[in-house]
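**Student:** Here's a structure for you.
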Amino acid sequence: MAQPLRILVDADACPVKDEIYRVAWRTEVPVTVVSNAHLRVPPHPLIARVVVGDGFDAADDWIAEATDAGAIVITTDILLADRCLKAGAGAVIAPNGRPFTSSSIGSAVAVRAIMSDLRAGGDRIGGPPPFAREDRSRFLSALDAAITRLRR
């Protein structure tokens, strides 16, 4: 039996929550917003909020455990993306629209480790580029494509 389609959002720093809600209402796909702190979510039967403890990786742990083939996970966290892909997520998408896939996650994890080592060694390296309108548009396209693919 197929897993029910739903969207799991790593919400504490997610810049596309409003877009996710609009897609959920249009496509009638339920959304679970997971965070360490109380976040406002629209009062709607398709939108659920889960506030986990403030323990290290508590939100990540909840999302990874809830992930299965029907889950579309929205996160910027590369290590969470890796865990969700290993758990069989239907799709894992960054808020900028970049999909995490089983073929791309290994290099993403490696780059993350290298950058972490550089920062720990005192190197000054830039962060990601600022979130742009094109990122929002790319995200919406990727989310629509994932929903369409998983409904087939």
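What follows is calculated from the coordinates using simple rules that are stated; it is not laboratory data. Bear in mind that the values here come from a model prediction, so they are computed numbers and not experimental data. Here Cβ is always computed from backbone atoms with ideal geometry, including for glycine, and neighbour counts include all displayed protein chains.
**Student:** Taking the Cα atoms only, what angle lies between the long axis of helix 133-151 and the longest principal axis of the chain, rounded to 10 degrees?
**Tutor:** Roughly 50 degrees between the two axes.
**Student:** Let me ask something additional. Take the Cα atoms of the chain, build their convex hull, and give its volume per residue in Å³.
**Tutor:** Working: hull volume 18.7 nm³, N = 152.
Here the figure is 123 Å³ per residue.
**Student:** Could you run the Karplus curve 6.51 cos²θ - 1.76 cosθ + 1.60 with θ = phi - 60° over the range 51-58 and give me ³J(HN,Hα) per residue in whole Hz, x for Gly and Pro?
**Tutor:** Each residue of the range 51-58 in turn: 9, 8, x, 8, x, 4, 6, 4 Hz.
**Student:** Divide by every residue of the chain the summed helix terms, -39500 (n - 2.57) for each DSSP H run of at least 4, and state the resulting mean residue ellipticity at 222 nm, rounded to the nearest 500 deg cm²/dmol. If you can, show how the numbers build up before the last one.
**Tutor:** Working: 5 runs with 64 residues, N = 152.
Rounded to the nearest 500, it is -13500 deg cm²/dmol.
**Student:** Along Cα→Cβ, 7 Å out, is where each label goes; now give me the distance between the ones at Thr76 and Asp61 in nm to one decimal.
**Tutor:** Output for this residue pair reads 2.4 nm.
**Student:** Write out the chymotrypsin sites (Phe, Trp or Tyr not before Pro) in the range 1-61 meeting two conditions: DSSP loop, and at most 12 other Cβ atoms within 10 Å of their Cβ. Walk me through the numbers on the way to the answer.
**Tutor:** Working: sites: Tyr21, Trp25, Phe56; in loops: Phe56.
Passing sites in the range 1-61 are Phe56.
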